[in-house]
Amino acid sequence: MTQEELDASLRRSRAIIEEERAGIEVERRRQEKAISRQEAAIARHEALLPKHEKIDAEWKEMVRNSTRHTDAIIAELKEHRDERRALLEAIFKVMDRLD
């Protein structure tokens, strides 16, 4: 290998190294921007958390109240069903007596 070929090879290597360094710098800036966007998103999310916790507590209370209300309705329906059954039995007894 001649000195000129060696110098040309070194220049190409240096050019490649500089291109790689420039690419690394571009990627570093992209990564910094992505990190700052992610940090901003985390901050927005954390700002919403107290609101969600309050909503979750309200939601849980609403579900509890709804469950109690549903249980009361079911109990009332069962009670009416028992009353209806008792009424039907009374009617059948009366009908039996009439025969």
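Scanning segment 82-99 for residues that are in a helix (DSSP H, G or I) and either over 60 Å from the mean Cα position of the chain (by Cα) or charged (D, E, K, R) (or both) gives Asp82, Glu83, Arg84, Arg85, Glu89, Lys93, Val94, Met95, Asp96, Arg97, Leu98. Pairs are defined by a Cβ separation below 9 Å, a sequence spacing of at least 6 or placement on different chains, a first member in segment 1-30 that is small (Gly, Ala, Ser), and a second member that is surrounded by 10 or more Cβ atoms within 10 Å (Cβ to Cβ) and in a helix (DSSP H, G or I); no pair meets this definition. With respect to being in a helix (DSSP H, G or I), hydrophobic (A, V, I, L, M, F, W, C) and modelled with pLDDT of 85 or more, Ala8 fits the description. Would you be able to say whether some residue in segment 53-63 is exposed (fewer than 10 other Cβ atoms within 10 Å of the Cβ) and either assigned to a helix (DSSP H, G or I) or free of Cβ contacts under 8 Å to residues at least 60 places away in the same chain (or both)? For segment 53-63, residues exposed (fewer than 10 other Cβ atoms within 10 Å of the Cβ) and either assigned to a helix (DSSP H, G or I) or free of Cβ contacts under 8 Å to residues at least 60 places away in the same chain (or both): absent. State all residues of segment 72-88 that are modelled with pLDDT of 85 or more and open to solvent by 90 Å² or more (accessible area, probe 1.4 Å); if no residue qualifies, say none. Of everything in segment 72-88, nothing turns out to be modelled with pLDDT of 85 or more and open to solvent by 90 Å² or more (accessible area, probe 1.4 Å). Here Met1 passes the criteria (1) loosely packed, with under 10 Cβ neighbours inside 10 Å; (2) assigned to a helix (DSSP H, G or I); (3) of a type outside the set (Lys, Arg) except the one numbered (2).
Of all the listed residues (Ala8, Ala47, Ala15, Ala43), the sole one being open to solvent by less than 60 Å² (accessible area, probe 1.4 Å), hydrophobic (A, V, I, L, M, F, W, C) and within 47 Å of the chain's Cα centre (by Cα) is Ala43.
The values are calculated or read from the model by the stated rules, or taken from the named source; none is laboratory data. All values derive from a computational prediction rather than experimental measurement. For neighbour counting, all protein chains shown are included, and Cβ atoms are generated from backbone atoms with ideal geometry for every residue, glycine included. Just the protein is used for accessible areas: all its heavy atoms, side chains included, with ligands, DNA and RNA removed. Shrake-Rupley method; radii C 1.70, N 1.55, O 1.52, S 1.80 Å.
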